[in-house]
Amino acid sequence: MDHEKVNILLVDDQPAKLLAYEVILKDLGENLVIASSGREALEVLLKTEIAVILVDVCMPELDGFELAAMIREHPRFQKTAMIFISAIQVSDIDRLRGYEMGAVDYVPVPVVPEVLRAKIKVFAELYRKTRELERLNHELEDRVRARTAELESSTAKLRESEQRRSMAIAAGKMGSWDWDWISGDWMWDEGQYRIFGVSAESFEVNPANVQALLHPDDVDQLRKAIAEFNKGTRSYETEFRIVRPDGEVRWCVGTAAATVDESGRVVRVSGVTVDITERKRAEERQNLLAREVDHRAKNALALAQSIVRLTRADEVKAYVNAVEGRINALARVHTILSLSSWQGAELSRLIEEELAPYSLGGQIRLAGSEVQLLPATAQTLALALHELFTNSAKYGALSTRSGRLAIDWRVEDEVLTLRWEESGGPLVTTPKSRGFGTRSLLASVESQLGGQAQFDWRAEGLVCRLEVPLTRKTATAALGKFDTATSAELQRASG
């Protein structure tokens, strides 16, 4: 569904970096506004409604901290989301200073495109939803004022108001109430009882009982709201939480309007309560998703950095090909896992992705049942299979048309056994030393997954046997190792 575009302000004194940010963020479909200095950014802000500001910390004349302080001084921009980009190592003191200046997040350089897009998308969506809520609140205020006027004018208008209120109740998310300021009598409609999780038959509406259903942390702000009516305030709006009798916490937004007599004294307060719990939960899910994206991206980057650092080759071209191959293998399994929302991946799918460039003329035979792998296991096996295919294409059965490769697997007692058998290729001799690919395969399968890797260098072709535990307990432990110790394992494998 199309949504209204919001404006994202990109502030940096370097045109190349601004261009890079535009390329990264263009897929979001938002309006990207460019400013090459802090002063230019201030001019844009005064003329344009901005949802998110992406600003470089280090700029001449007016740096990111100073710009943030000036922006926060203006009432219009006190809640505008600002994300700092820093190309230098940011200390805790710098981060604290940035947050005091109004930053909501930091993005280090080099920028990870997926992470930057995810962060910007979250704040853009939050801005959009906030504007939608503001529009809804204005509509609610208008309806409350209209209903109050009808109550004072005639019984006929009261019926009309009741009919409209019944339509709101039917939606299941809204309730209304009236409070006689003079007598202290309360009136709740059906929607109000439903929101608070009580029934009209068993719940008496009075200040003490209502306060008992309010979240303890929100009682004071509602008391202050009531006091404001005594000071001349005629309408009030706030978000608050309630605790239902069954213990469930619900988020609400309340709008109230006062009715006064000829002398200006408050005689009645009417209000509307809207249950916004689902919106709040959606915001929490978005925040969680942003953190999960950040976590996955950091893990993938750490592994890619290890691959680049530890790959060895005698020639630049060979080095580039080796690095590209390993990173592409990681990217392929990442795509498969993303399609399953990181629930897992089928072993056969991993094998098919890796053999695609080599499956010519029926050289490769596969046999095995469907096996679902958890994310950590899938990532490790994908890299192991990539090394086997790469070595076979260079030196083994897949380096000649007469070569044959058979891959079969089975699962017994929660242990996956995969057999790789080559034949018909060049004459095989046992290598005097193991290359990085073989050593990293051994390290990943044995150290990260708690399995075993065995190599039989037969003259007619290599036979490799991999045994990997598939129990969730073992796989979960392996995931922790994969996230925190991948670089160390590969370092040991590189010798």
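Read-outs throughout are calculated quantities, based only on the coordinates presented, and are distinct from any laboratory measurement. Note that this is a predicted model, so its numbers are computed, not measured. Cβ sites come from the backbone with ideal geometry, for glycine too, and all protein chains shown count toward neighbours.
Observations on the structure shown:
- Looking at segment 166-262, the trypsin sites (Lys or Arg not before Pro) that sit in a DSSP loop and have at most 12 other Cβ atoms within 10 Å of their own Cβ are Lys231.
- For segment 22-29, putting each phi into the Karplus relation 6.51 cos²θ - 1.76 cosθ + 1.60 with θ = phi - 60° gives couplings of 4, 5, 5, 9, 5, 5, 6, x Hz, in residue order, rounded to whole numbers and with x for Gly and Pro.
- With θ taken as phi - 60° and the Karplus curve 6.51 cos²θ - 1.76 cosθ + 1.60 applied, the whole-hertz 3J(HN,Hα) list for segment 451-456 is x, 9, 10, 10, 10, 10 Hz, x standing for glycine and proline.
- With the simple spin-label model, which puts each label point 7 Å out from Cα in the Cβ direction, the Asn137 to Arg241 separation comes to 1.9 nm.
- Trypsin sites (Lys or Arg not before Pro) within segment 1-55: DSSP coil, no more than 16 neighbouring Cβ in 10 Å: Lys5
- Proximal charge balance of Val198 [Cβ under 15 Å; K/R count +1, D/E count -1]: -4
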